[in-house]
Amino acid sequence: MDKMLEEAVTAIGTPNIALIKYWGKRDPELNLPTNSSISITLDETLNTKTSVLFSDCFKGDRLFINGEAYDLKDTKNEKTAFTAKVLEHMRGLAGTEAGALIVSKNSFPTAGGLASSASGAATLCYAVSEALELRLAPKELSIVARRISGSACRSISGGFVEWRKGSAADGSDSYAESIANEEHWPEVIDIITLIEDKKKKVSSSEGHRRATETSELYQIRPKIADRRVESMEKAIEQRDFEALAEITMKDSNSLHATALDSFPPILYLNDTSKAVIQRIHELNQHEGATIAAYTFDAGPNAQIITLKKHKNKVIDAIGEIISKDRILVVGQGHGPRPLPSSESLLGDMNLL
Ligand code: PMV
């Protein structure tokens, strides 16, 4: 085994928030979407840190997430299943059978509809690729991350990111790329609300499946979403916030309409989420312009897309509904990056 590989790598990565949502898979095994999607990669306010060490001395692989040990043979657990997939794929590329020690930590609640799996999966792919000295390019990393957790493929790049659905049966043309980096329009920010930090009642995997298999309303969604992707590309290019905001709200509403139209229905939004929707429309009406847009993933936590100059107005408006200590202002980020060895999570020798 190459001695170089015995050096631990630590990386940091972040979630993304979809403006045009990925909802429904045409191939659940490969995580191939029925429509293209566009997101903003977020800055490191919310992040995942992951340390990886490969060594021939390790018998098998060990995984710790947020201080808890996971059994990588447990194929029913999403996190262990996806980590095992990444290791198998990357070890194949590197031509090594070395065991891995992986320690990962999220700075925010997992599975609360805040894209912790996207952040975790993108960071893991990047860290493993670096630890094995594969140095995969963003396109290749995005394809690996997509197979783990679809939306994770968008957290590999920075700024505004588009995941083109592709058409190849093997998924080789279904990956995400930055369409405008974080310097193109940094005024756009995300105000995240932590309405609930419990685990999602219905996982996004189940949501994708139930919508495609049972919702008649869903049948028209992929075409509409793909059209919105084109309009969104223009809005981003021209820095047209009103257009971006309107498309964002409509697309979130469309996802939650198809979730409700699934059978049995899925209700990700709670009464507080609905109050936020109302409040944002009132605010825009009062301003006589669309200054803010809400969007919700597979959970009740509202994310409000706005411009820096409107931050206080938006916080005051939603602060009437949600306590201000559960509101976070987040900017745009650049995707995963390495951290110095002083930030390694492998410091606790009990783990080794
Ligand atoms: O990546 P998944 O399978 O967790 O699906 C994510 C789906 C949404 O977050 C609801 C939308 C999106 O595009 O991120």
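The values are calculated or read from the model by the stated rules, or taken from the named source; none is laboratory data. Every value quoted in this text rests on a predicted model; they were computed, and no experiment measured them. So basically every Cβ, Gly included, is an ideal-geometry build from the backbone, and we count neighbours across all protein chains shown. The protein model used for the area step is the full one, side chains on, heavy atoms only, and it has no ligands, DNA or RNA in it. Shrake-Rupley method; radii C 1.70, N 1.55, O 1.52, S 1.80 Å.
Where residues in the stretch 266-315 are among the acidic types (D, E) and more than 16 Å from I191 (Cα to Cα), which of them is nearest to the chain's Cα centre (by Cα)?
Selected residue: D271.
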Quiz prompt | Residue satisfying all of: in the stretch 159-180; open to solvent by 10 Å² or more (accessible area, probe 1.4 Å) and under 17 Å from the mean Cα position of the chain (by Cα); nearest to the ligand (Cβ to nearest atom) among these | solution = K165
Self-check item: strands (runs of 3 or more DSSP E) contained in the stretch 1-79 and holding at least 3 residues within 16 Å of the ligand (Cβ to nearest atom) and open to solvent by 30 Å² or more (accessible area, probe 1.4 Å)
Solution: 25-27
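Quick check on E213: is it of a type outside the set (S, T, Y) and surrounded by fewer than 20 Cβ atoms within 10 Å (Cβ to Cβ)?
On the way: of a type outside the set (S, T, Y): yes; surrounded by fewer than 20 Cβ atoms within 10 Å (Cβ to Cβ): yes.
Spelling it out, E213 is indeed of a type outside the set (S, T, Y) and surrounded by fewer than 20 Cβ atoms within 10 Å (Cβ to Cβ).
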Quiz item: Among the residues of the stretch 132-164, which ones are within 24 Å of K79 (Cα to Cα), assigned to a loop (DSSP other than H, G, I, E, B) and modelled with pLDDT of 95 or more?
Solution: L132, E133, L134, R135, L136, A137, S157, G158
